[in-house]
1. Would you mind checking the tilt of helix B:26-38 against the longest principal axis of the Cα atoms of chain B, expressed as 0 to 90 degrees and rounded to 10?
2. Using the alpha-carbon centroid of each, what span in Å lies between the range A:266-289 and the range A:156-215?
3. Would you kindly state how much longer the chain becomes between residue B:162 and residue B:127 on full extension, computed as 0.36 nm times their sequence separation minus their alpha carbon distance, in nm to one decimal?
4. Express in whole angstrom the spacing between the alpha-carbon centres of the range A:297-358 and the range B:51-110.
5. So how far, in whole Å, is the C-alpha centre of the range B:24-42 from the one of the range B:252-298?
6. Quick one: helix B:283-301 against the long Cα principal axis of chain B, what's the angle to the nearest 10°, folded into 0 to 90?
7. Any idea what the relative contact order of the range A:337-405 is, in percent, if you count C-alpha pairs under 8 Å spaced at least 6 apart?
8. Once you have all Cα-Cα distances for the protein assembly as shown, histogram them in 20 Å bins from zero and send the whole-percent values.
């Protein structure tokens, strides 16, 4: 069997206590305690509790000690601590009977802080019972031993603290592994891996292996792109970096499933950055087609409410996109925020106005909003941008709001608005028209066509309307403009 | 042009109000007038291409039945704007309860773009039609009769609106020009007819925009249409085929965001462009592109993301362009 198949954290786990990096304080507490056991004089505290952050060598020290002193390691994980009977059956036997071959034993109860108070009812009592009756050393490990429920264990055990590994210690181990594997590696790369591991040697070794096996070398660039901190979600940039540098399907899937983005946004991020990352047109197309499939599956989730399909979204958006790279060389790119999201936000107002305008005109023209958007608004835009004076009359005719006029006229907006203002000034009204006017305009419009009379601007109540003025103008245009100027100036 | 203060879109301003004003579709008008005379009619289904007078005929019919204030006896719905059959059902229910006309024994529900409804929604619509048949008549309007389910078709008197003849459209445009007092070249009106593909509404829109710019000449007509329908889609295809994917993608964004086109609008336009002589493409390649466009449109109809799907399409076009170039060498 190829040695590559073996995880390095197993292949290179320490066989002797001295090989366990750092943690001198822990060794100083643990070794004498263990030696007392071996000399047949069990110490007062029959258990030891190793505590400290993940990947700093707690389990490794137990394993190394077992190896060094030729002890039979009996291991139980917190996940096995489900019920009292389990513990009693396995651990009690180990604690009371002599080994067949006369080998001494050491019992490892891993991750005892994983026991939850209620779900593992009786689990803690069983452990305490075990500690009381044990004939073999018991080592427990925990990341956080300070939970109230663990107090009885703390009292019954020798407390052995483990510290976060210093960077140089992690680098040292990584270098040793690289040498043993005969792999080209840059020290800067090891530093990056070590830094990101935050003292977690296990994750550092895993990262090293991922890069080394994927690329046959460990360079600074690869390290930067691949190594992401564990136990937290990836930000969008990390997600993309991890995705686009994935060599294996599992890496790409991990990149996707660890992302802190919602699925819609995630797809948009990939959508934005495929052509930045890939240079070969065929790769670009393959990646887009995979993403498009992911998008189709995603749509079907919503259509059928079957979240089972999410796995396929991940498959296509992850490995599908990542493994599309055949000819493009990996390059270092600055990933971009999805422009679509930016543009949508920036153009939100314009789109709302267009929607309101389409609804408004659709009711006049007896057609759908889509037809208005496709067949009417484009021509109105031509008129509004080229003939402000004529446009102003249409604006009055349809009671368009200032926002609608601005949308239609674009750069010519101020001209159109100016014409509207002028036209309004020429209108003389029979009754004072101010904000006090509460009479619905439709009732004052016997002369207008029925179609225009029954509809009015729907967008917002604060928009200025011209309807009443327009109607009065029809009645009274001949009467001149004298009386109107004062009030009209308040129009805009 | 007239010197009124307020102006309307000519498509509205010059829409015939009564059946008498409708100059074409003689057979249909004759039958509809009979309904008015008898003050009775079955459910009606108007089918035909856009801009051939279906909606106008429905309004004119209601106008002639109920008089000037006909709109209080007609509920106008547009299937593509309503949010599903449930809102339609609610509106019809409320409307059926409202005041009835004095001398006509029914009110009218006008449902435009009925062929945009799913088969299921149409089944529900059919039940609605039966439920309120004592007090209401439905006029359904559709572009494609084949998209209306059989049970509805069999319950309606079907009226087929034929594409408008060139003489009819040109005569109408000429008449509008005279009403508005605007100058025009005969030739320009013929060009408008060609560009509007027999769609009267579109023809009138073009005419109005052209008249706003000055005398209606062939050049002005082309200018207006060019301004209103920018060549962005064509340019986008060109860019992609030319290997400039990123620029094509930017064009796509411009189209969708600045011009407010939906992904479906864009892919439909692409489909139209693909067969234009603007593109020097082998004929079999055109078919290939159309096939892919069809797939994209299907995905979009299914609810997929506009940009992602169209980007995938553009990426494919880019690759295709590259292969075509290589083959030519």
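All of the numbers you see were taken from the coordinates with simple rules; none came from a lab. Predicted model, so just to flag it, every value in this text is computed and none were measured. Reconstructed Cβ throughout: ideal geometry from the backbone, glycine too, with neighbour counts over all protein chains shown.
1. Taking the Cα atoms of chain B, the angle to B:26-38 is about 30 degrees.
2. That distance is 33 Å.
3. So the chain would gain 9.7 nm between residue B:162 and residue B:127.
4. If we compute the Cα centre of each part, the gap is 42 Å.
5. If we compute the Cα centre of each part, the gap is 42 Å.
6. 50
7. 25
8. Result, from short to long distances: 12, 31, 25, 17, 12, 2, 0 percent.
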